[in-house]
Protein chains: 2
Amino acid sequence: MTVATIRELARLADVSVATVSRVFNNPEVVNQETREHVLRVAADLGYQPNESARTLATKKSHMVGLIWDTDHRRPGWRHPFLQEILIGLKTALSARGYHLLLLATSGSEIPGPDIYSRAVTRHNLDGVVFIDNGRQDPALHHLAASGVPCVSLDRPVSGPRATYVISDNAGGARSAVAHLYARGHGSIATITGPATTRPGAERLAGYREQLAALGLPYRAELVVDGDFYLAGGQAAMCRLLDLDERPRAVFVAGDEMAVGALRAITEAGLKVPEDIALVGYDDIELAALVRPGLTTVAQDKAGFGTSAAAALVAMIDGTAGEAPPPTVLPTRLVVRDST
Amino acid sequence: MTVATIRELARLADVSVATVSRVFNNPEVVNQETREHVLRVAADLGYQPNESARTLATKKSHMVGLIWDTDHRRPGWRHPFLQEILIGLKTALSARGYHLLLLATSGSEIPGPDIYSRAVTRHNLDGVVFIDNGRQDPALHHLAASGVPCVSLDRPVSGPRATYVISDNAGGARSAVAHLYARGHGSIATITGPATTRPGAERLAGYREQLAALGLPYRAELVVDGDFYLAGGQAAMCRLLDLDERPRAVFVAGDEMAVGALRAITEAGLKVPEDIALVGYDDIELAALVRPGLTTVAQDKAGFGTSAAAALVAMIDGTAGEAPPPTVLPTRLVVRDST
DNA sequence: CGGTTTCATGTAACCGGTTTCATGGACGCT
DNA sequence: AGCGTCCATGAAACCGGTTACATGAAACCG
């Protein structure tokens, strides 16, 4: 059961190791007959080139590091689409011959700003994908600055060979507000995400932009803060319901909050969309399942993964001379029954 | 920015490469002064041992392959807990110094039963974790038979160094049925998962066992097939509602189906739990968010990851002489408002 | 026909670690 | 002093690939 090495294969095929190597890496330079013969013997032998040896010789591991910090003592923002992102990443990277190495950060390592860079050099990683955890991990800067091809999801970053993929939060928010306006609403409230998070801040900005574009006034009392969680949305909605002049339309910056808002409205004995129209954000699974179905701004979930993979591979292969521009994923308004 | 090699470090520390190597791998055999001196120089230099070189020399990669097939052309069962499993795996493996390599299976590879084993030999993987996709991938057998340390999640497997982690599906189902009985129901229906999947089959078995234990008759018309998806659950529930004698209690073998069932019931103008009591299975996030909150059988989600990691490392380190026995994770009944 | 290209292939150094075995000094014992 | 142990260390082979360079045969050319 010992694995065949390139030397054995060379001996059996009666060629030199260089020729065998060329058969696999540079097939066009070797004579067709020789090539086919070597491939045949290789198949018989079940030969598998040893990746560690290749990596050692070439400095290319064909592996991309995935940084997805999950320190449970300091819980970060739990990404709602991890699975979709992973599928997108894996599929797109696979097609280009790369594997994903999920970097372990604890272990016996001494943590520090260079924790990721260290892992990169140790494993000769060809690039890195960073999934934001909302915790402002300073190690990302160090990594991006080090010149390793690096793509960050949901969080801007700059560096010689770094770029990022982000959803068009402001655009999505604008489309939500425009949709409510088109449904005949002139007074549109919003429940925001935390201002410290990028999606929270940008969606609020988009809301304001669209109000301005429509010539609607911005009224501070129609803006209440949420936290991206259900209970927060419910509480925020209660505050809106208590206003003297109850809003008839609300843009909620996250679906989970929107479901909370829906609940608050229902419990107040009001109806969606007759009394109050609601637009959410994210298009989580739940959005399609609640009653009434939630109109919401959908993100291109798999797009995160595939775009990241494409950008990364472009940098690795040098197809993109320098860092490619950030990818801004378009959003799509999914109209259901809540508006 | 060239990385330091062991030879440079040896030269600067004025020792041999063998000594440097020992400082990192066998610290106890080297004189304390020498050791500290070498470590100091190493830190100054920012020395990072090259993992490919180590792997080449030792045949140990300190990497564990993760097989999580996501072929979208033939969609398998989408695991509800991927994120939790990954967190558990990553944390437990990190602590023991292992990384997770997400294996790409497409690429230019010719697929075949040995697709995973090939990846294992190429990368010198120390072990493999297999996440079931409900697709009966035959390659798993080949892998387990090959003698690579291998842990399968949710799906039994046997091999010289293979074991699996599974939830106590039958036990969970029994507790669900017992709970409904305790709530005063004597006629309990069930909506099953596909009989070809292990969770589907075992939860049905548990249902029957508990009926028997309670002295209740098993009635075939009260058992309808679902597919673990929402629409399937809804359809199945409709069939149950059409029965002459409508059941007052239903054990649904998956939460997503249970939500579908909930919807069917609501649409029929009936109320949960007053008219029909419902117990789900899995405790997905959604279960807590629907109205009424779904009583359900919760699995030890992170336990999948941590148990798998523990079993795998035991096999790798040889702590477990042969394959350790399967791990059966206990379930926990979470009572909410649907019963 | 000698000289230059071109093509296919082989030789051997190299990538950066680990590990076996040899070596030599310090120590303890008779 | 002579001998055997123990301890710390070094020299060099080895892991399994890649690749720069050398080689030799065939093709081409004036």
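Values as computed for the structure displayed
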| quantity | calculated |
| --- | --- |
| Residue A:188 being more than 14 Å from chain B (Cβ to nearest Cβ), open to solvent by less than 20 Å² (accessible area, probe 1.4 Å), touching a residue at least 40 places away in the same chain (Cβ under 8 Å) and under 23 Å from residue A:309 (Cα atoms) | no |
| Search result, residues across the range A:307-327 that are at pLDDT 90 or above and not in a helix (DSSP H, G or I) | A:324, A:325, A:326, A:327 |
| Helices (runs of 4 or more DSSP H) completely within the range B:1-49 that count 1 or more residues being within 8 Å of DNA strand C (Cβ to nearest atom), within 14 Å of chain A (Cβ to nearest Cβ) and open to solvent by less than 60 Å² (accessible area, probe 1.4 Å) | B:6-13 |
| Hits in the range B:152-174 - residues which are of a type in the set (A, V, I, L, M, F, W, C) and farther than 14 Å from residue B:117 by Cα | B:153, B:157, B:165, B:166, B:170, B:173 |
| Wholly enclosed helices (runs of 4 or more DSSP H) of the range B:81-183 bearing at least 3 residues within 10 Å of chain A (Cβ to nearest Cβ) and open to solvent by 30 Å² or more (accessible area, probe 1.4 Å) | B:82-95, B:115-123 |
| Qualifying position, being surrounded by fewer than 17 Cβ atoms within 10 Å (Cβ to Cβ) and at positive phi, among B:293, B:318 | B:318 |
| Selection count, the range A:235-256, where residues are modelled with pLDDT of 95 or more and within 14 Å of another protein chain (Cβ to nearest Cβ) | 0 |
| Residues of the range A:1-30 that turn out to be acidic (Asp, Glu), more than 10 Å from DNA strand D (Cβ to nearest atom) and at negative phi, as a count | 1 |
| Set B:206, B:200, B:280: member being buried (at least 19 other Cβ atoms within 10 Å of the Cβ) and out of contact with any helix residue (DSSP H, G or I) (no Cβ under 8 Å at 6 or more places or on another chain) | B:200 |
| Residue B:266 within 12 Å of chain A (Cβ to nearest Cβ), farther than 21 Å from residue B:195 by Cβ and among the hydroxyl-bearing types (Ser, Thr, Tyr) | yes |
| Tabulated pairs, the range B:46-67, first under 20 Å from residue B:151 (Cβ atoms), second of a type in the set (Lys, Arg) and near DNA strand C (Cβ under 8 Å from one of its atoms), C-beta under 9 angstrom, 6+ apart or interchain | B:60/B:54; B:61/B:54; B:62/B:54 |
| For residue B:301: the one exception among (1) among the basic types (Lys, Arg); (2) more than 14 Å from chain A (Cβ to nearest Cβ); (3) buried (at least 20 other Cβ atoms within 10 Å of the Cβ) | (2) |
| Checklist (1) out of contact with any Pro (no Cβ under 6 Å at 6 or more places or on another chain); (2) open to solvent by 10 Å² or more (accessible area, probe 1.4 Å) applied to residue A:252, failing item | (2) |
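The values are calculated or read from the model by the stated rules, or taken from the named source; none is laboratory data. From a predicted model like this one, the values you see are computed outputs, not experimental measurements. Note: ideal-geometry Cβ built from the backbone for every residue, glycine included; neighbour counts use all protein chains shown. These accessible areas exclude ligands, DNA and RNA; they are computed on the full protein's heavy atoms, side chains included. Shrake-Rupley method; radii C 1.70, N 1.55, O 1.52, S 1.80 Å.
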